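*Asks:* I have a structure I would like to understand better, so I am pasting it below and will then ask my questions one at a time.
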Amino acid sequence: MTFPFEIKNSSKLPEVKLLFPKPFFDDRGEMWTFYDKEFQIIEKQYEFKISKFSKSKKGVLRGLHTDPFTWKYISCVQGEMMLAVVDYQRESKNFLKYDTFICNDKNHLSVLIPPNFANGHLCISDTCIFHYMQSYPNKYIDVQEQTTIKWNDKRINIDWPIKNPILSERDS
């Protein structure tokens, strides 16, 4: 089977998958595949059950959030964002290590994040639209059941390109 993506592992967190689509271009613009059910790379083969969008203005930082069950498949469909992913598996040799990715509406980079990896994103264009699909075995894991890690946690020391982001009360 030919996949509509090139897949690579993150160089710092090999469990995190980077998916580079193979877009089609013509005089009308471009088209690419974001998701194909036949294309299963989630180890436990869960179904993606929910798809959400979040629109932010420049300087908004959302996250870092995680839980022990949810796979997240993330992209930026408008604008540009910096995505940070943190290994939050206490038994891992990479515990609290992170990697960052620039996702935008030009590179169409999508990132597949396993359970127990936290993610957060910073809008670095005037506005950006973050798209994510979630896969989990049972019921939806909402805010009250997620772990929130402070965006500037000194143990992790993410090199965010901002000193005073716009944050929700939860992320402050």
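The values are calculated or read from the model by the stated rules, or taken from the named source; none is laboratory data. Note that the structure is predicted; figures quoted are calculated from it, not measured. Here Cβ is always computed from backbone atoms with ideal geometry, including for glycine, and neighbour counts include all displayed protein chains. Surface accessibility is based on the protein's heavy atoms, side chains included, excluding ligands, DNA and RNA. Shrake-Rupley method; radii C 1.70, N 1.55, O 1.52, S 1.80 Å.
*Asks:* Phe48 to Lys139: FRET efficiency via 1/(1 + (r/R0)^6), r the Cβ-Cβ distance, R0 22 Å, to the nearest 0.05?
*Replies:* 0.90
*Asks:* Here is a follow-up. Which of the lysines could be linked to Lys139 by a straight reach, that is with a Cα gap under 22 Å, when you skip same-chain ones fewer than 8 residues away?
*Replies:* Result set, ordered by chain and number: Lys37, Lys44, Lys49, Lys52, Lys72.
*Asks:* Distance in nm between label sites at Ile7 and Glu30, each 7 Å beyond Cα in the beta-carbon direction?
*Replies:* Distance between label points: 2.2 nm.
*Asks:* Given all pairs of different Cα atoms, what value in angstroms does the Kirkwood hydrodynamic radius of the chain take?
*Replies:* In the chain this quantity evaluates to 16.6 Å.
*Asks:* Moving on. Need the full-extension length gain, Lys93 to Lys150, defined as separation in residues times 0.36 nm minus the C-alpha distance. One decimal, nm.
*Replies:* Between Lys93 and Lys150, full extension yields 18.4 nm more.
*Asks:* Report relative contact order for the chain in percent, whole number only (criteria: Cα-Cα under 8 Å, sequence separation at least 6).
*Replies:* Over the chain, the number comes to 30 percent.
*Asks:* Taking θ as phi - 60°, what are the ³J(HN,Hα) couplings along the range 107-120 by the Karplus curve (6.51, -1.76, 1.60), each to the nearest whole Hz, with x for Gly and Pro?
*Replies:* 8, 6, 4, 10, 10, 9, 10, x, x, 6, 10, 7, 9, x
*Asks:* Also, I was wondering about something else. On the accessible surface of the range 56-156, probed at 1.4 Å, how many percent belong to carbon and sulfur atoms?
*Replies:* Carbon and sulfur: 50 percent of the exposed surface of the range 56-156.
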